[in-house]
Every structure is written in C-alpha cells, then in structure tokens.
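Here is the structure we will look at, set down as structure tokens.
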C-alpha cells in the first residue's frame, strides 16, 4: 500500500469488489494533476467522463500525487487478472490533457473496453502518452 493517503472511488457494481476481473484505471489528482497547473482543461469533467464511460467495465479510482508531476495529468491503466496472466503490466499515461470531443479519455476507454493491458493493443495515439516512471515512482502504485 502506498504511504500516501488515497481517495478511492470505484465504478464497481454492487456486490463486486474493486478490481474484480476488470482493469483498474488510476487517476492522479495530486499536487499538479487535476489542478490549475494544467490550464485549459476541465479536470472534474475529465474524471466524470472517464467514470461514466467505464462504468461496469473497469474500476476507476482517484489517488493523491503519483510523483510524476512533469507528466501531469497522469492516468495508469492496470491490467485485469486475465490481462496480468497474459503478461500485461500497468501502463502509465502522461500529459492526458486533450479537451476535445475525440479525446484521450475516449481512446483510453476504447482500449479498456477491449480488455486493456495484456489483452488488447492500445490505440496508436496512446503511444504518445505512454511513459516509464522510475522504480521509486512505480512503487507508489499498488496492483
């Protein structure tokens, strides 16, 4: 478990726990992500759209700072158990700041709906957002 406090919000249906046979999408909303430091983006709407789009498909949770501030806004897509068994690993996406109608959230949603890491290839555009955080930073996020 991370040393930092977590605010957790899930889209899991009643009776199923977070991460039950589904991907987990972690949205950083710490010191830089989700703040005025990333101007021109309605951060609350971005989170709301992600939750709505993935309701019943993935667990969406919010966490405090993941310490990858230079990449704000950061979203991490963690594989489902089946995706993990198929070799999928968490995918860190940075600079998720597109406010347009055919935006980053739509691309992330489409990928997660197809199975996410280990089960489906991400849309090519997400390659522009993928980054590898340091081991110290990766350790702040638990599977």
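The values are calculated or read from the model by the stated rules, or taken from the named source; none is laboratory data. Keep in mind that what you see is a predicted model, and the values were worked out from it rather than measured. FYI the Cβ positions are ideal-geometry reconstructions off the backbone, even for glycines, and counts take in every protein chain you see.
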inquiry  = Take residue 44 and tell me if it is modelled with pLDDT of 90 or more, in contact with a helix residue (DSSP H, G or I) (Cβ under 6 Å, 6 or more places away or on another chain) and at negative phi.
reply    = no
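Pick from the range 20-41 the residues that are on the phi > 0 side of the Ramachandran plot and in contact with a helix residue (DSSP H, G or I) (Cβ under 8 Å, 6 or more places away or on another chain): which of them is modelled with the highest pLDDT?
Pass one, the range 20-41, residues on the phi > 0 side of the Ramachandran plot: 21, 34, 40.
Keeping just the survivors that are in contact with a helix residue (DSSP H, G or I) (Cβ under 8 Å, 6 or more places away or on another chain) gives 21, 34.
Details: 21: 85, 34: 89.
Restricting to residues being on the phi > 0 side of the Ramachandran plot and in contact with a helix residue (DSSP H, G or I) (Cβ under 8 Å, 6 or more places away or on another chain), the top hit is 34.
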